[in-house]
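Undergrad: Sending over a structure as structure tokens; questions will come in a sec.
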Amino acid sequence: MSKEPEWKTRQQRINTKLRSLNPQWEIIKYRHGLDTSALQCHAVEEYPTASGPADYALFVKGRFLGVIEAKKVSVGAQNVLEQAKRYSRTAFDGTGNWRGYRVPFLYSTNGEIIYFLDVRGEQNIFRKIANLHTADALTELFEHDQAASYTRLQNTPINLIERLRPYQENAIAATEDALVKGKRAMLVAMATGTGKTFLTVAQIYRLLEAKVAKRILFLVDRRALAAQAVRTFASFNTVRGNKFNQEYEVYSQRFRREDFSDDEPFDPQVLPSSYLTAPQAIHTFVYVSTIQRMTINLFGEASVDASEDGDIDDESDAEKLDIPIHAFDLIIADECHRGYTAKETSAWRSTLDYFDAIKIGLTATPAVHTLSLFKEVVYRYTTEEAIAQGWLVDYEPIYIYSEIRMNGAFLREGEQVRVIDTETGQEIYDELEDEREFSTTDVERKITVPDSNRKIIKDIAEYAYKHEQETGRFPRILIFAVNDLPHISHADQIVGICKEVFGRGDDFVQKITGSPSVDRPLQKIREFRNRPQPKVAVTVDMLSTGVDIPSLEFIVFMRPVKSRILWVQMLGRGTRLCDEIKKTHFKIFDCFGGTLIEYFANTTDLKIEPPRKDPVPVGQVINKIYQNVDRDYNVKSLVKRLRRIDRGMSDEARRQFADYIPDGDMGRFASELTQRMEREFTNTLNLLQDKGFQDLLENYPRAKQSFFIADEQEDDVSSEVIIRGQKPEDYLDSFCRFVQENPEQIEAIAILLERPRDWKTEALNELREKLVRNQFREQELQRAHQLVHNKTLADIISMVKRAARAEEPIYTAAERVDRAMQVVMAGKSFNEEQLKWLGYIREHLVQNLTVEIDDFEDFPIFANKGGKGKAKKVFQGQLDVLVNEINAAIAA
């Protein structure tokens, strides 16, 4: 323990800090008769109060604004604030009265650690700060009426800002509520792709309008994100109909002309250094910067390490500046999970800790280090929620099995190899004098096997060509390589192989990393996002975070990932909606045999189900909804599937869905499903359990399984599509066993197989509930039938009957309903009005696969035409008989 006395701590540490500020505090001893009204920027030692002398009294422009209580360096400073509080309460000439406190700003310090408390707000608590405040900072703090600002904020409706989604409004409300309650650090956890940048701009605009904050720092972790944020500010429409930067100054770090497209305004509003080094109360602005650049500004270039994989942004023009802690009064850190290593985390934390500002963190991946910095999550919006509500798309996992990547490489004695000098790139041929073994972690680090990379790319190419055949477009593909280091770049090798394999020209494939070998990387990101080419981008880390590329449909992991945060961020590149291409989902290619997906299966809010030996049937979901077991979760799961189908429906699919739901509008049906479950539980489940409807949902086209074996080569590569952790054939085998083993336990199965005249809505509901409960989701069953039997959108009745008896035909819901209606109408004559009503019944059946007398009152398609009374009149009292005949024919 240091034996440094308090007087020495004050002289060598605290006084040094006071004098190092700009303007520096003038330190004087108290003397009797001192005219404090003449003190402009003075720290008065041993200033008297009614309960003893304060170590330092801070006077600014004649006002007694602060008290510093000093202790020797060996004493913890936190609780010493109690002594400063006593001096504040007993000051003779304080500048106000706040619940008995006469001096507003209190400090305690041992010369190294400083604690600060603003006593004016009753909810305020002490906080640790990096340095003492300047006189200008205290003046600004004192003259700012925060309570009035918060009142303005609360009285301004959030929905005045256009284009905010409901969850974004909720996030803003939660953040502002925390601010009003005195919170100075908070975390907003929102799924990647849910519009955090736009949300941030809207939040900043509201805080500036209410004068809660004036100098705002918006931190991002990539130059590409900084450029993206600048574009978002420039395009943001304020409530007055202006652009954001027409009402408030928006500055950024230095960009290049090529960082923006030709049709984008390039307005290099670079922040003047004086805004950082000499902040003024008259300044009101937003500054967009990378956290790496700000770290250099604060601590110098040595504080930021070079990237181990060769992929890092160039901030070489940044310099160390003398920045006071009050340069910003609000900091919003986007992608604040940044810091995948302990050293990175320490650097980013030091940067954020330096400023005495309100701090709001935005991330999709809260981690221990982000929670420790931002204290608590005030709002959370998960990937699952966003998918269920239709704001994101979900995924389809494809496992690629590579012997090299799963088991490593083994070189035999006498084998010819090329040896690369990693410093010069010089290449020589050599013959091994002894065998050598390389582990999986050595691949692309100590050894590369070009044949392995080539076969993986060829396998992915097969999926791309299949996708192109089905959709009419080649998928936009993002490949994560291991590194982009000089002379041994894995990224370069992948680019070359892709250009050769795809054979569509040199511009079709591009490398996008922070390597000096990449010309204008931000321009390449923009081209990858907006232009027809490139269709394939190879990166390492640069595109892992935040970059918005909605049309991305394939994500390929050729590099191992060990960080949960990085994994979720990488997956987040694919979740964004893209209405232009009617994107329904994206594909994940795990080139490590599914081990990445397995490893992260339980550590992310993006639920990827790894293969399981004993899968739970999909029917459990519907049954859980019926039995109110995890109903919210299972309804969300179903909504997510419906959203996915809605985004990919063809006109024919929409016509088929119109037999079940009004106008075939699956998006509206998905949006209303949760409310329908509350208002019309039974009828909604009737629809969901309709076998035809489930058939239509499950057989939505999916990529088929492919399997490739390389003969007499150094690597064996194969791949497969997974449904509930199984191959499609195995999944249907499991379903067949379930149906054959449960006819007595599930009444609906027995009815379909033995007593079709008992087919009712209740039986359909039970069937769907039991299937979901046992992990047989209708859409997944449909998908398996499409892959195995080449039947798209099989109805649930057909799937159950086929599972029980292999000779049973498979129909879509529309086919089943048309067949049933033909049976019912055969040999009978109907007048024009009756035929019209039979058309209504058909439309209802395609959606529901059953019809009940009460449906004529409950469903708009009937109710709007006169309801049950009208129907009974039209069918001359024979409606009950007709309904029974139709239901029996449907189930037959």
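Undergrad: Filter the cross-link list LYS583/LYS836; LYS524/LYS640; LYS455/LYS511; LYS71/LYS128; LYS29/LYS320 down to pairs whose alpha-carbon distance in this structure exceeds 25 Å.
TA: From the list (LYS583/LYS836; LYS524/LYS640; LYS455/LYS511; LYS71/LYS128; LYS29/LYS320), the Cα-Cα distance tops 25 Å for LYS583/LYS836; LYS524/LYS640; LYS29/LYS320.
Undergrad: Let me ask something else about it. Which of the trypsin sites (Lys or Arg not before Pro) found in the stretch 17-81 are loop residues per DSSP with 15 or fewer other Cβ atoms within 10 Å of their Cβ?
TA: In loop regions of the stretch 17-81 (DSSP not H, G, I, E or B), the sparsely surrounded trypsin sites (Lys or Arg not before Pro) are ARG31, LYS61.
Undergrad: Here is a further query. ASP519 to ALA750: extension gain in nm, 0.36 nm per residue of separation minus the Cα-Cα distance?
TA: Stretched fully, the ASP519-ALA750 segment lengthens by 76.4 nm.
Undergrad: Something else: Report the one residue of HIS467, GLY867, ILE797 whose Cα lies farthest in the direction of the positive end of the charge dipole of the chain (charges on C-beta: Lys and Arg +1, Asp and Glu -1; origin at the Cα centre).
TA: GLY867
Undergrad: Determine the alpha carbon to alpha carbon distance for each of LYS8/LYS375; LYS359/LYS535; LYS181/LYS587; LYS214/LYS375; LYS466/LYS636; LYS582/LYS865 and list only those over 32 Å. Don't skip to the end; give the middle numbers.
TA: On the way: LYS8/LYS375 35 Å; LYS359/LYS535 38 Å; LYS181/LYS587 43 Å; LYS214/LYS375 23 Å; LYS466/LYS636 30 Å; LYS582/LYS865 34 Å.
Long pairs (Cα-Cα over 32 Å): LYS8/LYS375; LYS359/LYS535; LYS181/LYS587; LYS582/LYS865.
Undergrad: Now, a different point. Modelling each spin label as a point 7 Å along the Cα-to-Cβ direction, I'd like the LYS836/ARG19 distance in nm, to one decimal.
TA: Label at LYS836, label at ARG19, 9.8 nm between them.
Undergrad: HN-Hα J couplings of the stretch 374-390 from phi, Karplus 6.51/-1.76/1.60, θ = phi - 60°, integer Hz, Gly and Pro as x?
TA: The phi angles translate into 9, 6, 8, 7, 8, 7, 9, 9, 8, 4, 4, 4, 5, 5, 4, 8, x Hz.
Undergrad: What do you get for Rg/Rh of the chain when both radii come from the Cα atoms and Rh is the Kirkwood radius? Don't skip to the end; give the middle numbers.
TA: On the way: Rg = 33.5 Å, Rh = 31.4 Å.
Rg/Rh for the chain comes to 1.07.
Undergrad: Counting alpha carbon pairs within less than 8 Å and at least 6 residues apart, what relative contact order, in whole percent, applies to the stretch 5-89?
TA: 24 percent.
Undergrad: I've got another one for you. For the chain, what is the relative contact order in percent, using Cα pairs closer than 8 Å and at least 6 residues apart in sequence?
TA: Computed over the chain, the figure is 9 percent.
Undergrad: Given SER303, ILE588, THR16, which one lies farthest toward the positive end of the charge dipole of the chain, if we put +1 on the Cβ of every Lys and Arg and -1 on the Cβ of every Asp and Glu?
TA: The one lying farthest along the dipole's positive direction is THR16.
Undergrad: Counting only the backbone N, which residues of the stretch 868-889 are under 20 Å from the spot 7 Å out from the Cα of GLU672 toward its beta-carbon?
TA: 868
Undergrad: Let me ask something else about it. Please give the peptides 795-801, 286-292 ranked by average Cβ packing (other Cβ atoms within 10 Å per residue), highest first, as a rough proxy for protection.
TA: Final packing ranking: 795-801, 286-292.
Undergrad: Relative to the longest principal Cα axis of the chain, at what angle does helix 166-180 sit, 0 to 90 degrees, rounded to 10?
TA: 30
Undergrad: Still on this structure: Tell me the label-point distance for the pair SER350, GLU462, using the 7 Å Cα-to-Cβ offset, in nm and rounded to one decimal.
TA: 5.2
Undergrad: Which order do the peptides 88-97, 511-520, 412-421, 225-234 come out in when sorted by mean C-beta neighbours inside 10 angstrom, highest first?
TA: Going from most to least packed, we get 225-234, 511-520, 88-97, 412-421.
Undergrad: Quick one: helix 761-771 against the long Cα principal axis of the chain, what's the angle to the nearest 10°, folded into 0 to 90?
TA: Result, in degrees: 60.
Undergrad: Another one. Which residues in the stretch 788-827 have a backbone N closer than 12 Å to a point placed 7 Å from the Cα of GLN740 along the Cα-to-Cβ line?
TA: Within reach of a label on GLN740, which here means backbone N under 12 Å from a point 7 Å along Cα→Cβ, the stretch 788-827 contributes 803-807.
Undergrad: Right, next: Taking the Cα centre of the chain as the origin, how large is its charge dipole in debye, to the nearest 20, when only Lys and Arg (+1) and Asp and Glu (-1) carry charge on their Cβ atoms?
TA: The dipole magnitude comes to about 3360 debye.
Undergrad: Go through 160-172, 755-767 and give me the packing order, highest mean Cβ count within 10 Å leading.
TA: 755-767, 160-172
Undergrad: Related question: Would you calculate the separation in nanometres between label points at THR424 and ASP35, each defined as 7 Å from the Cα along the Cα-to-beta-carbon direction?
TA: A separation of 7.9 nm, rounded to one decimal place.
Undergrad: Does anyone have the angle between helix 521-530 and the longest principal axis of the chain? Alpha-carbon axes, 0 to 90°, nearest 10?
TA: Once rounded, the angle reads 30 degrees.
Undergrad: Please work out how much length the chain gains when fully extended from LYS8 to ASP818, using 0.36 nm per residue of separation minus the C-alpha to C-alpha distance, in nm with one decimal.
TA: Difference between extended and current length: 282.1 nm.
Undergrad: Ok, one more. From the Cα gyration tensor of the stretch 156-236, with a ≥ b ≥ c the square roots of its eigenvalues, which class applies: rounded if a/c is under 1.5, or else prolate if a/b is larger than b/c, or else oblate?
TA: In terms of gyration-tensor shape, rounded.
Undergrad: Select from VAL635, LEU687, GLN154 the residue farthest towards the positive end of the dipole of the chain; place +1 on Cβ of Lys and Arg, -1 on Cβ of Asp and Glu, and compute about the Cα centre.
TA: The listed residue farthest towards the positive side: GLN154.
Undergrad: Another one. Run the numbers for ASN530 and ARG240: contour at 0.36 nm per residue of separation, minus the present Cα-Cα distance, in nm.
TA: Once the chain is fully extended between ASN530 and ARG240, it gains 101.4 nm.
Undergrad: Round to a whole number: what % of the accessible area of the chain belongs to carbon and sulfur, probe 1.4 Å?
TA: 46
The values are calculated or read from the model by the stated rules, or taken from the named source; none is laboratory data. It should be emphasised that the depicted structure is a prediction, and the values quoted were computed from it without experimental measurement. Cβ: placed from backbone, ideal geometry, glycine included. Neighbour counts: every protein chain shown. We work out accessible area using only protein heavy atoms, side chains counted, and drop any ligands, DNA or RNA first. Shrake-Rupley method; radii C 1.70, N 1.55, O 1.52, S 1.80 Å.
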